[in-house]
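S.K.: Quick one: the structure is below, and I'll ask about it shortly.
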Amino acid sequence: MPEQTDPDPATPEAVDRGTSTPAADVPAVDVPAVRPAGAAAGSEGTPAAGSKLGSQRSPRSRGTLLRWASPFVAVAIPVALFAVAPKLYPNLLFLVTMMVYVVLAQGVNVIYGFTGYLPFGYVGFFGVGAYASSLAILDTGVPAPVGVVVGAAGAVLLGLLLSPLLRLSGAYFAIATLAAALAVESVISNPSLAGITKGPYGIDLGSVYNARADYVAGLVMVGLSMAVVVYLRRSRFGLALRAIRNDPVSAAAAGVDVVKERMLAWLISSALAGAAGAVFAWGVSVFYPTAVFGISTSVFAIVFALFGGVGTAWGPLVGTAVLFGLYQAIGVSDPQYAQGIYGLLIVALVLFVPGGLAGVARSIRRRRA
Amino acid sequence: MLLEYALVSGLLFGVFYALLASGLNLAFGMQRIVNLAHGDVVMLGGFGAWELYYGFGVPPLVTLLIVVPLAVAAGFLLFQAVTPRLSRSDDPEMLSLVLFFGISQTIEAAAALTLSNNQRSLPSSSLAGHPMTIAGQTYPGTLVVSAIVSLPILAALFLYLYRSPLGRATRAVMADPQEAAAVGIAVKRVSSLSFGVSLALAAMAGVLGIFLFGGASPSEGVGLTVISFAVIVLGSLGNPLGTLVGGVVYGIAYELTQTYLSSWADLVPYVLLLVVMLTRPSGLLGRSARRA
C-alpha cells in the first residue's frame, strides 16, 4: 500500500525501505505524503522522516490533550492558588473578599459576557444573598453552609421576580436593574420592617463565625463559578447564548429558545451573586444594609470583569486578582480613591481597550502569528 | 387639607423634577446616550452654588446663569472627545452606558475628595426667605421660587427646540442622525452642543436642588439619575412636553406617599420606573422604549 503512493521509487533508500522494511520504525502508512521528503532528506532517511512525523503529530495530540484538560485546569488552578494563598498571605478576610469578587465578576461575565445584558443593579442579588442566608441562619438555625445555599436560592427568587426585565434591552435593562437593586435595599433597610430584616441596624452573625469554613465555602464558589463559565465556553448552551447576544432574531430562527436560554443564564448569574453575598456575610459576620447593597460592589464586579475581558474564562479571574490585589497593595485607606481610580479605569477601558486584558492578549497573539 | 397640600406641593416639586430630568432627556436624544453622570452634574451644580455663595457672596439665582456657559462648554468638549471612539465600536449604546458610568463614579469620588464628604446646605433665605401662602396653605418659599424659576427655563428649552434653527437641527438629529447629515446638518457639532445644553439644564437643577433636597452631597448622583430616568420614562423618552407631565406625575406620587406612607416614600421612583418600564414602556405620551 505505501509503495503505491511513493512518487520516487528510483531512490534506492526509498525502494529499499518500501520493499524490505515497511515497519522499520516509521509507521508511514497514515501520512504517505511525508515519505518523499524523508526519502529525499538523504541517506539517513528514516530518522529524518521519523522526526518530521513526530513534529507533525505531537502538536495535534498536545492540542487535544490541552483541549481535554483545560476545563479542569481552569477550575483547579484558581482553587489551588486560593487554597495555598493563606500560607503566603494570612489575611483571610481579604482573600475571602477577593474570592467573592471573582465569583461576582464571573457572574457578570455569565450575563454580560455571554448574553450582552449589563446589570448595573447586580449588587441587588449580592445583598439579597447576604440577607437571605443570614436571616435563615439566625431565624431557623440552619448551619452556615446551608445558609450559603439559601442565599443563592434567595437571589434566584429575586431573579425570577425580576425576569420580566429581560424584555427590556440595552440601557433600559441596565437602569431598571439598578432601580430594582435600590428598591430592594430601601425595602430591607426600612425601619418599618426592622422586626423581620433588622432594618438599618444590620446583622450580627458572630454566633456562627468560622473563618476557615467560610474560606472553604469561598473556594467551592470560585471552583463552581469557573466551572460554569468553562461550561458556557464549550457547550451548546453557551453557544446559544452567544448567538442570542449577537442577534436574537437569527438565533431564534436557528432553533434557539431565546427566552428560556436567556432566563437560565440570568438565574445562574443571580445564583452566583447570591452565594457570593452569603459567603461575604459569613466572612465579615457583622454588616449593615449599606455594606452589601453599595453600588460600588456592582462597579467593582463590572470593572474586574471588563478589565480581564468578558466572554472568556480566565479574564474575570485575572482582572479581579490584578485590580483587587492592586487595591490592597496600594493600601487605599480612603474608599473614594479606589472609586475614583476605578471610575477612570472604566473610562480608559471603554475608550482604549474595549476587549480588556483578554483582548490585548488576543491581538498580541494574532500579530505574532 | 392634607391631600390638598400634598397635591399642590407635588405639582410644585413636579415642575422642578421636569427641569431635573429634561437634560437627561435631551442627552438621550443624541445618539441614544444615557448620561449616567447626569445626577453627578446636578450635584456639581449644587456644590457650585454653595462655593460661590460662601466664597464670593454670589446669590444662587445669579449662579443659575453662571453655570450655563461652563456646563455647555464642558459638555461640548466631552462629547467631542469621546464619541469618535465610541462610534467606532460594535456596540456604542452599551459602551456609552459603561463609559458614563465610569465618568459618574469619577465625578463622585473627585467631589468627595476635593469638596466635601458631607452634605452641604445653603440658608433658604439666600433663595427665598419667607414661606408663601397659596390658597390658604403655606409652602416653603424655596419650593415656590424653584418652581417659578423652573418654568421659564423649561419654556426657553421648548422655544429653543421648536422655534430656533439650531433647535430644529437638534430635533432632526434626534429623529435620525443619518438623514440629518444627508440634508447638510453638522450632526457632530449639533450633538455636542445639545449635550452641553443638557448638562447646563442639569447644573441649573442642581443649583435649585441644594434647597429642595435639603443640601448637596457627593453620593447623591446615582439616586438623582434614577429619579430623572424615572421621570423621562414616565413622560416618554425624547419628548420635552412628556418630561413636564412625567415630572408632575412623579412629584405628586412622591408627595402623596410622603404624606400617607412616609417611610416608603424612597421607593416611589424605583417602583414607578419599574412599573412603567414593564407595563407601559412607551411612557404616558407615546414613543416606544422597548425593543427586545
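The values are calculated or read from the model by the stated rules, or taken from the named source; none is laboratory data. Remember, it's a predicted structure, so these values are computed and weren't measured experimentally. Neighbour counts are summed over all protein chains in view; Cβ atoms, including those assigned to glycine, are modelled from backbone coordinates with ideal geometry.
S.K.: Quick one: which residue in B:GLY246, B:GLY167, B:GLY251, B:GLY235 is in contact with a Phe, Trp or Tyr (Cβ under 6 Å, 6 or more places away or on another chain), crowded, with 20+ Cβ neighbours inside 10 Å and more than 30 Å from B:ALA109 (Cβ to Cβ)? Steps first, answer last, please.
M.R.: On the way: B:GLY246 fails: in contact with a Phe, Trp or Tyr (Cβ under 6 Å, 6 or more places away or on another chain); B:GLY167 fails: crowded, with 20+ Cβ neighbours inside 10 Å; B:GLY235 fails: in contact with a Phe, Trp or Tyr (Cβ under 6 Å, 6 or more places away or on another chain).
After applying the criteria, what remains is B:GLY251.
S.K.: Right, here's the next one. Go through the stretch A:167-183 and report how many residues are surrounded by fewer than 21 Cβ atoms within 10 Å (Cβ to Cβ) and modelled with pLDDT of 90 or more.
M.R.: Going residue by residue through the stretch A:167-183, those that are surrounded by fewer than 21 Cβ atoms within 10 Å (Cβ to Cβ) are A:167, A:169-170.
Still in the running and modelled with pLDDT of 90 or more: none.
So the count comes out to 0.
S.K.: Right, next: So which helices (runs of 4 or more DSSP H) are wholly in the stretch A:111-210 and hold at least 1 residues that are within 14 Å of chain B (Cβ to nearest Cβ) and over 26 Å from the mean Cα position of the chain (by Cα)? Steps first, answer last, please.
M.R.: Details: elements: A:123-140, A:144-161, A:170-188, A:194-197.
Answer list for the stretch A:111-210: A:170-188, A:194-197.
S.K.: Same structure, new question: Taking B:SER96 as the residue in question, decide whether it is within 14 Å of another protein chain (Cβ to nearest Cβ) and not acidic (Asp, Glu). Before you say what the answer is, go through the steps one by one.
M.R.: Working: within 14 Å of another protein chain (Cβ to nearest Cβ): yes; not acidic (Asp, Glu): yes.
When the stated conditions are applied, B:SER96 passes them.
S.K.: Right, next: Which number in (1) at negative phi; (2) assigned to a loop (DSSP other than H, G, I, E, B) marks the one condition that B:GLY102 misses?
M.R.: Of (1) at negative phi; (2) assigned to a loop (DSSP other than H, G, I, E, B), only one is false for B:GLY102: (2).
S.K.: Check whether at least one residue in the stretch B:48-64 is on the phi > 0 side of the Ramachandran plot and surrounded by fewer than 23 Cβ atoms within 10 Å (Cβ to Cβ), and report yes or no. Break it down into steps so the answer makes sense when it comes.
M.R.: From the stretch B:48-64, those on the phi > 0 side of the Ramachandran plot are B:57; that's our starting set.
Now narrow it down to the ones that are surrounded by fewer than 23 Cβ atoms within 10 Å (Cβ to Cβ): B:57.
Checking the stretch B:48-64: at least one residue is on the phi > 0 side of the Ramachandran plot and surrounded by fewer than 23 Cβ atoms within 10 Å (Cβ to Cβ).
S.K.: Now for a separate question. Looking at the stretch A:286-316 only, could you name the residues that are within 23 Å of A:ALA194 (Cβ to Cβ), modelled with pLDDT under 90 and in a loop (DSSP other than H, G, I, E, B)?
M.R.: Correct list: A:GLY294 only.
S.K.: Might you check whether a residue that is farther than 30 Å from B:GLY55 by Cα, part of a helix (DSSP H, G or I), of a type in the set (Phe, Trp, Tyr) and away from chain A (no Cβ under 14 Å) occurs anywhere in the stretch B:150-160?
M.R.: Yes - at least one qualifying residue is present in the stretch B:150-160.
S.K.: Scan (1) more than 20 Å from the chain's Cα centre (by Cα); (2) more than 9 Å from chain A (Cβ to nearest Cβ); (3) not hydroxyl-bearing (Ser, Thr, Tyr) for the single condition B:ALA110 breaks and write down its number.
M.R.: (2)
S.K.: Picking from B:ARG120, B:ARG85, which residue would you name as being of a type in the set (D, E, K, R) and either away from every other protein chain (no Cβ under 14 Å) or touching a strand residue (DSSP E or B) at 6+ places or on another chain (Cβ under 8 Å) (or both)? Talk me through it step by step, then tell me what you get.
M.R.: Values: B:ARG85 fails: either away from every other protein chain (no Cβ under 14 Å) or touching a strand residue (DSSP E or B) at 6+ places or on another chain (Cβ under 8 Å) (or both).
It is B:ARG120.
S.K.: Here is a list of conditions, (1) buried (at least 20 other Cβ atoms within 10 Å of the Cβ); (2) part of a loop (DSSP other than H, G, I, E, B), and B:GLY214 meets all of them except one; can you say which number that is?
M.R.: For B:GLY214, the failing item is (1).
S.K.: Here's another thing I want to ask about it. Based on what the data block shows, is B:GLY46 farther than 21 Å from A:ALA301 by Cβ, modelled with pLDDT of 90 or more and assigned to a helix (DSSP H, G or I)?
M.R.: On the way: farther than 21 Å from A:ALA301 by Cβ: yes; modelled with pLDDT of 90 or more: yes; assigned to a helix (DSSP H, G or I): yes.
Criteria met by B:GLY46.
S.K.: Let me ask something else. Only residues that are part of a helix (DSSP H, G or I) and more than 19 Å from A:SER285 (Cα to Cα): list them for the stretch A:86-102, please. Before the answer, list the steps.
M.R.: Residues of the stretch A:86-102 that are part of a helix (DSSP H, G or I), as a first pass: A:86-88, A:92-102.
Within the stretch A:86-102, A:PRO86, A:LYS87, A:LEU88, A:VAL102 qualify.
S.K.: Out of (1) assigned to a helix (DSSP H, G or I); (2) without any contact (Cβ under 8 Å) to a residue 12 or more places away in the chain, the odd one out for B:LEU143 is which?
M.R.: Just one mismatch for B:LEU143, condition (2).
S.K.: Please work out which one of (1) modelled with pLDDT under 95; (2) surrounded by 24 or more Cβ atoms within 10 Å (Cβ to Cβ) is the condition A:VAL103 fails and give its number.
M.R.: (1)
S.K.: So in the stretch A:355-369, with the set limited to residues that are within 14 Å of another protein chain (Cβ to nearest Cβ) and surrounded by fewer than 20 Cβ atoms within 10 Å (Cβ to Cβ), which one is modelled with the lowest pLDDT?
M.R.: First, pick out the residues of the stretch A:355-369 that are within 14 Å of another protein chain (Cβ to nearest Cβ): A:355-356, A:359.
Adding the requirement that they be surrounded by fewer than 20 Cβ atoms within 10 Å (Cβ to Cβ) leaves A:355, A:359.
On the way: A:GLY355: 77, A:GLY359: 81.
Taking the candidates together, the pick is A:GLY355.
S.K.: Further question on the same structure: Do you know which of the residues in the stretch A:218-247 that are within 14 Å of chain B (Cβ to nearest Cβ) and over 25 Å from A:ALA155 (Cβ atoms) is farthest from the chain's Cα centre (by Cα)? Walk me through how you get there before you give the answer.
M.R.: Applying the first criterion (within 14 Å of chain B (Cβ to nearest Cβ)) to the stretch A:218-247 yields A:242, A:244-247.
If we keep only those that are over 25 Å from A:ALA155 (Cβ atoms) as well, we get A:246-247.
Working: A:ASN246: 20, A:ASP247: 23 Å.
Applying the filter and picking the extreme gives A:ASP247.
S.K.: I'd like the full set of residues that are more than 10 Å from every other protein chain (Cβ to nearest Cβ) and more than 17 Å from B:ALA18 (Cα to Cα), limited to the stretch B:240-261. Outline the logic, then answer.
M.R.: Within the stretch B:240-261, the subset more than 10 Å from every other protein chain (Cβ to nearest Cβ) is B:240-260.
Residues satisfying the conditions are B:LEU256, B:THR257, B:GLN258, B:THR259, B:TYR260.
S.K.: Right, another one. In the stretch B:163-182, is there at least one residue being in contact with a Gly (Cβ under 6 Å, 6 or more places away or on another chain), without any contact (Cβ under 8 Å) to a residue 12 or more places away in the chain and not in a helix (DSSP H, G or I)?
M.R.: So in the stretch B:163-182, the residues in contact with a Gly (Cβ under 6 Å, 6 or more places away or on another chain) come out as B:174.
So of that shortlist, the ones also without any contact (Cβ under 8 Å) to a residue 12 or more places away in the chain come out as none.
No; the residues of the stretch B:163-182 include none that is in contact with a Gly (Cβ under 6 Å, 6 or more places away or on another chain), without any contact (Cβ under 8 Å) to a residue 12 or more places away in the chain and not in a helix (DSSP H, G or I).
S.K.: Another question, then. From the list B:LEU61, B:LEU36, exactly one residue is farther than 29 Å from A:VAL353 by Cα and within 21 Å of the chain's Cα centre (by Cα). Which is it?
M.R.: Values: B:LEU36 fails: farther than 29 Å from A:VAL353 by Cα.
Step by step, each of B:LEU61, B:LEU36 is checked, and only B:LEU61 is farther than 29 Å from A:VAL353 by Cα and within 21 Å of the chain's Cα centre (by Cα).
S.K.: Which of the following residues is under 30 Å from B:TYR270 (Cα atoms), touching a residue at least 24 places away in the same chain (Cβ under 8 Å) and among the small types (Gly, Ala, Ser): A:ALA155, A:ALA144, A:ALA136?
M.R.: Numbers: A:ALA144 fails: under 30 Å from B:TYR270 (Cα atoms); A:ALA136 fails: touching a residue at least 24 places away in the same chain (Cβ under 8 Å).
Testing whether each residue is under 30 Å from B:TYR270 (Cα atoms), touching a residue at least 24 places away in the same chain (Cβ under 8 Å) and among the small types (Gly, Ala, Ser) leaves just A:ALA155.
S.K.: Further, regarding this structure: Being surrounded by 23 or more Cβ atoms within 10 Å (Cβ to Cβ) and either at pLDDT 90 or above or more than 28 Å from B:GLY48 (Cα to Cα) (or both) narrows it down to one residue among B:VAL197, B:VAL149; which is it? It would help to see each step written out before you state the result.
M.R.: On the way: B:VAL149 fails: surrounded by 23 or more Cβ atoms within 10 Å (Cβ to Cβ).
On inspection, the qualifying residue turns out to be B:VAL197.
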